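Data first, discussion second: the structure below is written as structure tokens.
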Amino acid sequence: MKRLEFLKKSLSWGIYRKKAWMISAFSVFREPENEWKKSPYPGRIVSQPWGYDFVNEKGELEKIEDSKAGVPIFAMNEVIDIDPTWIINLKEPVQTYIGSLFANQIMLVENFGSKIPYIPSGMTIKKIEDFVINNKSDKEIDTEKITLKEYLNMAKSVEYLKTLSNLSVYSVTKKNITPPPGLKEFKAKLLEEYQGQLEDPVKLAEFEKKLLDFAQLYIQDDPTWGKLVSGKIFKNGYRKMFLSSGAEGGLKGDMVPITESLVEGVPLEPKKFAATVNGARSGSYYRGKDTVKGGVSAKIAIRALSSFSVKEGDCGTLMGLPRLYTKHTIGNLVGRQLAGVSDGKVIENINEAGNYLGKIVKVRSTMYCQYPGQTYCETCAGKRLSRFKDGLSIPATDMTSAILAASMAAMHKNTTTTVKLDLTTTLS
Ligand SMILES: [Zn+2]
């Protein structure tokens with residue numbers, strides 16, 4: 001039997017549900033002789049000195065004629081032409097990848113039958129979920145539209161596919177583990193251009209941006225670009241490895257620019273060497289210390305607010321908190337009452353809130369509430385907080401998770417870049 005014929009048979013046997021089979025189909029493996037006899041299911045692949053056999057429906061070994069030794073039988077990115085006899089959600093012949101064929105079978109056919117059309121390449125959860133949202137059924141059983149149960153089942157397939165990622169995800173390519181050609185000359189020219197200026201963080205950011213742009217031209221056609229290599233992996237990991245180590249803090253809080261990359265080695269010039277070592281030490285220390293921040297701030301928030309509560313009514317204050325509402329924060333205005341007059345308008349929905357976009361609005365706030373002791377009035381608290389009348393610690397701990405996320409991000413995504421700061425937005 002030929003390779004592709006075997007592939008088609010394998011789909012019909014449903015053996016892709018066995019992880020061991022998937023591994024044997026997409027990697028080079030070796031087993032003791034006759035090991036296959038312990039579990040001779042149809043489609044089981046048996047490695048041979050010349051290539052591969054498989055166990056046929058009679059339980060006998062049959063040769064996969066065009067298979068070769070030393071390479072996997074199939075590759076996820078192998079292009080094949082298939083027609084509707086291959087898979088039930090395909091309506092006309094199409095060119096696709098073997099990986100996509102399995103992804104369609106496991107994610108779509110297993111859960112939805114032929115309800116979701118074949119996706120030949122670039123399958124994403126978003127594509128599937130968009131289709132599900134537009135074709136959802138309220139019934140328990142539906143022959144055309146998608147039921148909740150089918151959608152929930154898909155989660156199992158997602159989990160299964162995740163376990164196969166080591167067979168299909170590129171993690172190492174030539175480009176992502178090598179510096180761009182011509183870097184040495186390019187960097188030497190840049191270093192000359194920026195000589196004596198790199199202690200200024202703005203200049204250092206500019207210098208590193210130019211190196212990153214140069215490297216991006218080299219790496220952007222790599223299959224890992226935008227997937228494994230993007231964001232902090234590129235701007236931090238790749239940069240430190242090949243381009244420039246960047247700003248390291250001295251112990252006194254000064255910033256020392258280390259323009260040498262790890263490939264060039266740790267610089268032995270005393271000031272740079274000390275800064276590199278101090279950077280490693282403080283990184284190790286703050287990793288622990290800053291992780292604590294989230295937990296500590298959650299505890300403080302719980303203690304601070306556990307005795308506070310929201311009571312019905314309106315304290316009648318005319319005071320309020322002026323805030324600028326941007327497209328990112330405009331949703332927070334819903335349910336708040338405008339301050340300054342005794343019976344201020346309550347913003348009922350997002351459309352009404354939209355009228356205040358980009359404007360400074362004075363809203364009622366717990367900061368100015370006149371209710372006695374440890375109580376706030378519903379009007380100052382706003383509708384959202386008032387849902388937690390005796391449980392204000394709940395939304396407060398929610399806020400502290402943002403503190404944790406921010407301090408983790410500061411640790412892991414820390415690069416020197418320049419951004420424009422708008423004081424009104426930032427301080428509002
Ligand atoms: Zn009040």
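The values are calculated or read from the model by the stated rules, or taken from the named source; none is laboratory data. Just so it is clear, the model here is predicted, and its values are computed rather than measured. Positions of Cβ are backbone-derived with ideal geometry, glycine not excepted, and every protein chain shown enters the neighbour counts.
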**Q.** Selection from the range 369-381 of residues that are near the ligand (Cβ under 9 Å from one of its atoms) and either within 40 Å of the chain's Cα centre (by Cα) or among the small types (Gly, Ala, Ser) (or both)
**A.** 376, 378, 379, 380, 381
Q) Name the residues in the range 169-206 that are part of a loop (DSSP other than H, G, I, E, B) and either of a type in the set (A, V, I, L, M, F, W, C) or over 15 Å from residue 242 (Cβ atoms) (or both), would you? A) 169, 170, 171, 172, 194, 195, 196, 197, 198, 199, 200
Q.
Looking at residue 393 and the list (1) surrounded by 16 or more Cβ atoms within 10 Å (Cβ to Cβ); (2) within 30 Å of residue 212 (Cα to Cα), which single condition is not satisfied?
A. (2)
(Q) Given the condition free of Cβ contacts under 8 Å to residues at least 12 places away in the same chain and surrounded by 15 or more Cβ atoms within 10 Å (Cβ to Cβ), answer yes or no: does some residue in the range 50-65 qualify? (A) yes
Q. Looking at (1) of a type outside the set (Phe, Trp, Tyr); (2) out of contact with any strand residue (DSSP E or B) (no Cβ under 7 Å at 6 or more places or on another chain); (3) touching a residue at least 12 places away in the same chain (Cβ under 8 Å), which is the only condition residue 176 fails?
A. (2)
(Q) Return the residues of the range 335-348 that are basic (Lys, Arg) and away from the ligand (no atom under 14 Å from the Cβ); say none if nothing qualifies. (A) 345
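Determine if the range 349-357 includes at least one residue that is within 13 Å of the ligand (Cβ to nearest atom) and either modelled with pLDDT under 95 or surrounded by 13 or more Cβ atoms within 10 Å (Cβ to Cβ) (or both).
Start the filter on the range 349-357 by keeping residues that are within 13 Å of the ligand (Cβ to nearest atom), which leaves none.
Among the residues of the range 349-357, not one is within 13 Å of the ligand (Cβ to nearest atom) and either modelled with pLDDT under 95 or surrounded by 13 or more Cβ atoms within 10 Å (Cβ to Cβ) (or both), which makes the answer no.
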Q) Quick check: anything in the range 373-395 at negative phi, in contact (Cβ under 8 Å) with a residue 40 or more places away in the chain, assigned to a loop (DSSP other than H, G, I, E, B) and of a type in the set (Ser, Thr, Tyr)? A) no
Q) residue 277: part of a helix (DSSP H, G or I) and either surrounded by 12 or more Cβ atoms within 10 Å (Cβ to Cβ) or of a type in the set (Gly, Ala, Ser) (or both), yes or no? A) yes
(Q) With the structure loaded, tell me whether residue 323 is part of a helix (DSSP H, G or I) and out of contact with any His (no Cβ under 9 Å at 6 or more places or on another chain) or whether it fails that test. (A) no
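Only one of these is surrounded by 15 or more Cβ atoms within 10 Å (Cβ to Cβ) and polar (S, T, N, Q): 89, 77. Name it.
Of 89, 77, the one residue that is surrounded by 15 or more Cβ atoms within 10 Å (Cβ to Cβ) and polar (S, T, N, Q) is 89.
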Q) Does residue 362 satisfy being part of a strand (DSSP E or B), more than 12 Å from the ligand (Cβ to nearest atom) and out of contact with any helix residue (DSSP H, G or I) (no Cβ under 9 Å at 6 or more places or on another chain)? A) yes
Q: Among the residues of the range 10-40, write down those that are small (Gly, Ala, Ser) and either more than 34 Å from the chain's Cα centre (by Cα) or part of a helix (DSSP H, G or I) (or both).
A: 10, 12, 20, 24, 25, 39
Q: Those residues that are in contact (Cβ under 8 Å) with a residue 60 or more places away in the chain and either in a helix (DSSP H, G or I) or over 22 Å from residue 410 (Cβ atoms) (or both), I need them from the range 242-274; list them, please.
A: 242, 243, 259, 261, 263
Q. Residues of the range 50-90 being of a type in the set (A, V, I, L, M) and more than 36 Å from the chain's Cα centre (by Cα), which ones?
A. 55, 61, 64, 69
Q | In the range 1-49, residue surrounded by the fewest Cβ atoms within 10 Å (Cβ to Cβ) [restricted to those that are more than 20 Å from residue 165 (Cα to Cα) and touching a residue at least 40 places away in the same chain (Cβ under 8 Å)] | A | 2
